[in-house]
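> Questions regarding the structure given below will be posed in turn.
The values are calculated or read from the model by the stated rules, or taken from the named source; none is laboratory data. Fair warning: this is a prediction, and the values are worked out from it, not measured in the lab. No Cβ is skipped: glycine too gets one built from the backbone with ideal geometry, and neighbour counts run over all protein chains shown. These area figures cover heavy atoms from the full protein model, side chains too; ligands, DNA and RNA do not enter into them. Shrake-Rupley method; radii C 1.70, N 1.55, O 1.52, S 1.80 Å.
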Amino acid sequence: MAIARAELARRARELARRVQEEWLEREAGSGAGGERRPGGDSGWALALAGSGATGFRDTVSRLDLVAAGPAEAVQRLRSRLAPHGEPGGPGSLHRLPAWAGGGHLALLTWDELAAAARRPDEATVILLGAAEPLLDPGGRLAARLAPLRQLPPDWYRQQAARRYRALRRRTASMAWNLRRGQAFAFLAGFVQWLEHFLLLCRYADGEPPVDRKWLLQAAMRTSLGRQCRADLYALFSGLGEIATLGGSYDPKENRLYGTIARLHGQLAAALRQRGLLDERDEPRDDTREETP
């Protein structure tokens, strides 16, 4: 495993160097003045991101990179590169050229990076929390990323509270969908409910969020994920009953909703035990909610 990791780091460093010299600097200029002095610092720094940095890489994974650079050079690049993927995190997201594997490139100015690291949200932590500097003259990039490595307890409490409130609203909405016989809306709501639940499993153990692509397996590695695994997998198996809405339009008698409510209760107890559940967020009978 150590050899494989070292080989990945070597390949990523070589790719980052090519991307910087043969693409970023040629497309945008080397620095604020556009010319790179011999032996000088171009103002760019690159890091490994995505599955390669988080440990979820497999044999078909592409290499994803984060690039931080001078504001003028970044703006010139953005004017020439098509955006790629869903916006939401700091900076902009683009596709690396085919010769570089076609992975993702997150492009940020130094000021954008500093601002994101000072007040990180979930999207920032997902993008940058595990990023590994590859080309980093003077350690500037590592210094900017350092606050994201050890997030304070208050950060987890705030995110847990926000996600738990969203989970409660989604649980109530699914009860409403059942009473109205809205099978598709119930299923769409379940996907959102599941994302809240899995992230809360991470936060309960003081673990940072990860990209949706790896969220299920990452959550199942936590102590709460292991505790809830049997009920959660039973719920997945029971989704085949969505056509009949779990046998009843009454949430209190519905098999699918019963499993969801049981998981909700286990989650609330775990969060309360860890001091992450405010009294205002205590669970209640969400089947009484009358609006989605």
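> Taking 7 Å along the Cα-to-C-beta vector as the label spot, tell me the Gln158-Asp278 distance in nanometres, rounded to one decimal.
So the label points at Gln158 and Asp278 sit 1.2 nm apart.
> If r is the Cβ-Cβ distance from Arg119 to Ala9 and R0 is 25 Å, what FRET efficiency results, to the nearest 0.05?
0.25
> Okay, moving on. Which order, highest average first, do 164-170, 128-134, 262-268 follow once you tally other Cβ atoms within 10 Å for each residue and take the mean per peptide?
Those peptides, ordered most packed to least, come out 128-134, 164-170, 262-268.
> So how tilted is helix 140-149 from the main axis of the chain? Cα-based, degrees 0 to 90, rounded to 10.
The angle comes out at about 10 degrees.
> Angle between the Cα long axis of helix 153-179 and the longest principal axis of the chain, 0 to 90 degrees, nearest 10?
In the chain, helix 153-179 runs at an angle near 50 degrees to the longest axis.
> Under a point-charge model restricted to the Cβ atoms of Lys and Arg (+1) and Asp and Glu (-1), what is the dipole moment magnitude of the chain relative to its Cα centre, in debye to the nearest 20?
Numbers: 43 positive and 35 negative charges, 49 e Å.
Rounded to the nearest 20 debye, it is 240 debye.
> Cβ under 9 Å from Ala47's Cβ, Ala47 left aside: what net charge do those residues give with Lys, Arg +1 and Asp, Glu -1?
Net of charged neighbours comes to -2.
> If you take the beta carbon distance between Leu216 and Glu86 as r and set R0 to 25 Å, what does 1/(1 + (r/R0)^6) give as a FRET efficiency, to the nearest 0.05? Walk me through the numbers on the way to the answer.
On the way: r = 19 Å, r/R0 = 0.75.
Efficiency, rounded to the nearest 0.05: 0.85.
> For the full complex of protein chains and a 1.4 angstrom probe, list Val74, Val60 by accessible area with the highest value first.
Descending order: Val60, Val74.
> Mind pulling the angle between the C-alpha long axis of helix 183-204 and the longest principal axis of the chain? Nearest 10 degrees, somewhere in 0 to 90.
Tilt of helix 183-204: around 60 degrees.
> Can you give the helix-only mean residue ellipticity at 222 nm for the chain, where every DSSP H stretch with n ≥ 4 adds -39500 (n - 2.57) and the sum goes over all residues, rounded to the nearest 500 deg cm²/dmol?
Mean residue ellipticity at 222 nm (helix-derived): -17000 deg cm²/dmol.
> Just need the Rg to Rh number for the chain, please, alpha carbons only, Kirkwood Rh.
1.06
> Taking 0.36 nm per intervening residue step and subtracting the Cα-Cα distance, what contour gain separates Arg179 from Glu112 on full extension?
19.5 nm
> Here is a further query. Starting at the first residue of region 16-26, write each ³J(HN,Hα) from the Karplus equation 6.51 cos²θ - 1.76 cosθ + 1.60 with θ = phi - 60°, in whole Hz, x for Gly and Pro.
Ordered by residue, 3J(HN,Hα) equals 4, 5, 5, 4, 5, 6, 9, 10, 4, 5, 6 Hz.
> In whole Hz, what ³J(HN,Hα) sequence does region 101-118 give by Karplus (6.51, -1.76, 1.60; θ = phi - 60°), x for Gly and Pro?
Per residue, the Karplus-derived 3J(HN,Hα) values read x, x, x, 8, 10, 8, 10, 9, 7, 4, 5, 4, 5, 4, 5, 5, 6, 5 Hz.
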